[in-house]
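The values are calculated or read from the model by the stated rules, or taken from the named source; none is laboratory data. Every value quoted in this text rests on a predicted model; they were computed, and no experiment measured them. Glycine gets a Cβ as well: all are built from the backbone with ideal geometry, and neighbour counts include every protein chain shown. Calculation scope for accessible area: heavy atoms of the full protein, side chains included, ligands and nucleic acids excluded. Shrake-Rupley method; radii C 1.70, N 1.55, O 1.52, S 1.80 Å.
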Amino acid sequence: MLKGKITLINMWGTYCGPCIKEMPFLASLHKKYYEMDLQVVGLLIDIGSPGSINAQKKRTAEGLVEDAGVTYTSILPCAGLADFINSTEYIPYSVFVDQHGHQLGESITGSMSSSAWEKAIKNVIYTYMY
């Protein structure tokens, strides 16, 4: 049994080919590991900020999410995340966090294959089990 829920936060952009390419992998792994208290959340970084969303980019993002078969939650950053997002040099950029928001393991910069994601997820799950 896990100590608590684990969330994989994956920052992505509508202009990022590698981000879009790995979305189906993440959707598949979200379905596979959700019952083990691991969820995936996509954090879309390029459609504006709260109060000034670019409607065209939002429609593009919605289409990309649908085309990729994404069933996990995709969110827009709130004002409090702006500094963190601006400090990230590369996307996709992913991080595992526990239910208290504490980072688990190392951040992942760049896209990965399905098998590499599987290995990373198993590593986090097995590291943070009772």
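Relative intensity of region 1-76 on a log10 scale, I(q)/I(0) at q = 0.18 Å⁻¹, equals -0.70, per a Debye sum over C-alpha point scatterers of equal strength in the absence of solvent. With all protein chains kept in place, the per residue accessible area of region 28-74 amounts to 58 square angstrom at a probe of 1.4 angstrom. Of 108, 9, the residue with the largest accessible area leads and the full order is 9, 108 (1.4 Å probe).
What you get for region 6-57, charging only the Cβ of Lys and Arg (+1) and of Asp and Glu (-1), is a dipole of about 140 debye around the Cα centre.
Residue pairs exceeding 27 angstrom between C-alpha atoms, taken from 58/119; 21/119; 57/119; 57/122: 58/119; 57/119; 57/122.
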